[in-house]
Amino acid sequence: MPPGLAVNAPLQIACVGFDATALLAGAEAGHFVVQQVATPDELASADADAVLIATPDLAALAAWPTLPALSLQTAVVVITDGSLWPLSLPLLQAGVQDVLPSAEADSARLGRALRHGIERKRLEAATRRAYATDLSTGLPHYPQLLEHMAHLLALREREPAPMALIALRISGLAATEANLGVESANVLRRKAAVRLRSALRASDVVASIGTDAFAVLLAWIDSPQDGERVAAKLAHALARPFSVAGREQGLAVSVGLASYPEHGKDADGLLRRAQAQATQRASIGGGQTASAADRGPQAAANDA
């Protein structure tokens, strides 16, 4: 049996609306440790493999703004003594794993619903990780950035604080590829990613959103002006020459910024604004490219 399916591993369940400790004590689907919380909002900060919500009002739960982000990060199972259909459909569309009528939520069925939900979420997380990285830079890619922003924006609804998204468009990769080859262009792009990452805090997120674009999510800032300051700092960092295959290579950089909540409260809108601004603004930087005689992947691979 694969380790992920071992039924004896303790599984943490955050529960609101009723105490499921006794009900889950004898469940065959796993060893469940129940943590009782007082309000649904506390579920988002609970360290749990799954959350269990008991409510008679499925419509109110479906309208709860935190539910999509919560369902994205953990397995959610709902128990209700109200009408299941059609009110359960919006919950499933929001990512809830299962909706059970309270009359049928015995130890065996509830345990299975929780365990199946947990294993499905683990599989989803593994799949996302496998496809979440831009292999040439090691950075998160576009969908992973949107997912991270969704989590953070849900948090900001409960704990308001300014944040900013920076889009950086670069040009110069094509010239490097034409003169030095594909591998040299890849090296230049990786070096740009490393330079961005080294200029930021550990809490900030750098993502690859295209072959010629990066995005930087500033998880928190003291004021909207801090976003402009960091954007300018990053643009000038990328505009400095890079050493590739023993020659200096330059990138031209244009930058755009979207601030939360000033410019919007959803991930897609903020990213579109930052990208549009980066496209409209003038570029800075640029530089010399090596001659075609220097072409060759071996030189690029050995570049320091």
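The values are calculated or read from the model by the stated rules, or taken from the named source; none is laboratory data. Everything numeric here is computed off the predicted structure, so don't read it as measured data. Heads up, the Cβs are rebuilt from the backbone with ideal geometry, glycines too, and the neighbour counts pull from every protein chain shown.
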Kindly provide the set of residues from region 260-278 that are surrounded by fewer than 20 Cβ atoms within 10 Å (Cβ to Cβ), part of a helix (DSSP H, G or I) and among the small types (Gly, Ala, Ser), ordered by number.
-> Gly269, Ala276
Every pair of residues 6+ apart whose Cβ atoms lie under 6 Å, when the first sits in region 200-214 and is within 15 Å of Leu234 (Cα to Cα) while the second is at pLDDT below 95 and of a type in the set (Asp, Glu) = Ser208/Asp134
Scan region 60-101 for residues that are loosely packed, with under 13 Cβ neighbours inside 10 Å and not aromatic (Phe, Trp, Tyr) and jot them down.
-> Ala60, Ala63, Pro65, Asp81, Ser83, Pro86, Gln93
Quick one: in region 155-191, which of the residues that are among the small types (Gly, Ala, Ser) and surrounded by fewer than 19 Cβ atoms within 10 Å (Cβ to Cβ) is farthest from Val244 (Cα to Cα)?
-> Ala161
Scanning region 38-66 for residues that are part of a helix (DSSP H, G or I), within 21 Å of Leu153 (Cβ to Cβ) and in contact (Cβ under 8 Å) with a residue 24 or more places away in the chain gives Pro40, Asp41, Glu42, Leu43, Ala44, Leu61, Ala62
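Restricted to region 192-221, and to residues that are hydroxyl-bearing (Ser, Thr, Tyr) and surrounded by fewer than 23 Cβ atoms within 10 Å (Cβ to Cβ), which residue is nearest to Ala252 (Cα to Cα)?
Kept after step one, since they are hydroxyl-bearing (Ser, Thr, Tyr), are these residues of region 192-221: 198, 203, 208, 211.
Next, only the ones that are surrounded by fewer than 23 Cβ atoms within 10 Å (Cβ to Cβ) stay: 198, 203, 211.
Working: Ser198: 19, Ser203: 27, Thr211: 14 Å.
Residue satisfying both the conditions and the ranking: Thr211.
From the list Val194, Val182, Val187, which one is over 21 Å from Pro162 (Cα atoms) and free of Cβ contacts under 8 Å to residues at least 24 places away in the same chain?
On inspection, the qualifying residue turns out to be Val194.
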